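A quick write-up on the structure given underneath.
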Amino acid sequence: MRVDFELIKRAQAGDNAAFNEIVLAYRKRILGTIMRVIARREDVEDVAQEVFLRLYFSLDQLRTAEVFEPWLYRLTVNAAYDYLRKQRRRPEYRMSDLSEQQVLMADATAGGKVEHDDQYQKKIRESVDALLGAVSEADRILLMLKEVEGLSLKELEKIYQVNENALKVRLFRARQRVLKAFGASTKGKEPARAG
Amino acid sequence: MRGSQDDQLDALFRAYREACATPEPSVHFMPQLWRRIESRQSFTFSFRRMANALVTAAVAATVCLGVYTTIRRSDAAFYSQSYVEALAEASTIDTDLVAPARLEINQAPFE
């Protein structure tokens, strides 16, 4: 826990300075999680702000300190899910289009010189993003939290408020779908892309 | 059973984690957040004010209707009448226009 419950209590009582401290303590972690879930740098701050906005208006519902972090994660998951759903409804924002824009922006900022590492990392991001197109937005987030964020099943149980077995089944099915897409892509086929 | 593809996928996820480095928050992060909070607060406040006004109006209308109904029911004459009396009172126009029928029994039928 990065903050003590006293600080949360003060924020619940309407102390904006206390809320500011909570945001400062968690914002980097939340930004990192959102970055890995949505993989779009230009929208990460917007989604993170939405998380803290929801936190501000629902803080009075929090009863115990132990549930604060899973609860904040749940808000993050919900905000990321809403974002991904909106993105799916807007076909003009495809990964390939955005990637071109990102490359152009990177070119412009780096004076036309793109590092080899950046290209490699961009390729990795695109590959995983394309693979995750094989599963729903909800399963994509779940897989990200488990496989990339490294959260345990116990932690996920607290966030999703469902039992461990149900989570295991869901994770297994999602992973199987991703594996199938991965197998197809390694054989030279284009994996199914969402949108 | 985990196959080689499982391991490759795990490696890809690890590489993805490294490729998605945590971005540094911009200097506008906190000011923008507070601006959004304030704008949501003002919207909530005006919505709450509108809801309060509607509730007050509904309560006032309920009280007025209650008072009106109570006054009407307290009219004793209204309830002391029988059904026929009430009906007769309600159709006074008919009784004025249509005279009661009279039977002249002493009169010869065809004079």
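The values are calculated or read from the model by the stated rules, or taken from the named source; none is laboratory data. Note that this is a predicted model, so its numbers are computed, not measured. No Cβ is skipped: glycine too gets one built from the backbone with ideal geometry, and neighbour counts run over all protein chains shown. When the accessible area is computed, the model is the full protein with side chains, heavy atoms only, and any ligands, DNA or RNA have been set aside. Shrake-Rupley method; radii C 1.70, N 1.55, O 1.52, S 1.80 Å.
Could you give the dipole magnitude of the stretch B:27-88 about its Cα centre, charging the beta-carbon of Lys and Arg +1 and that of Asp and Glu -1, in debye to the nearest 20?
That gives the stretch B:27-88 a dipole magnitude of about 540 debye.
Roughly how many Å² of A:D46 are accessible to a 1.4 Å probe, to the nearest 10?
80
When you count, for each residue, the other Cβ atoms within 10 Å and take the mean per peptide, how do A:145-157, B:52-64, B:28-40 rank with the highest first?
Most protected by this proxy first, the peptides run A:145-157, B:28-40, B:52-64.
What does the structure give for A:139-145 when I average, per residue, the other chain Cβ atoms found within 10 Å of the residue Cβ?
Numbers: counts 0, 0, 0, 0, 1, 4, 0.
Per residue, the number of nearby Cβ atoms from other chains is 1 on average.
Hey, what did the stretch A:1-91 get for relative contact order, percent, Cα under 8 Å, at least 6 apart? Walk me through the intermediate numbers first.
On the way: 54 pairs, mean separation 25.6, N = 91.
Relative contact order of the stretch A:1-91: 28 percent.
What FRET efficiency comes out for the pair B:T56/A:N78, r = Cβ-Cβ distance, R0 = 35 Å, nearest 0.05?
In this case the efficiency is close to 0.50.
Give me log10 I(q)/I(0) at q = 0.11 Å⁻¹ for the stretch A:1-91, Debye formula, one equal scatterer per alpha-carbon, no solvent.
-0.31
What FRET efficiency comes out for the pair A:K168/B:R48, r = Cβ-Cβ distance, R0 = 41 Å, nearest 0.05?
With a Förster radius of 41 Å, E is 0.40.
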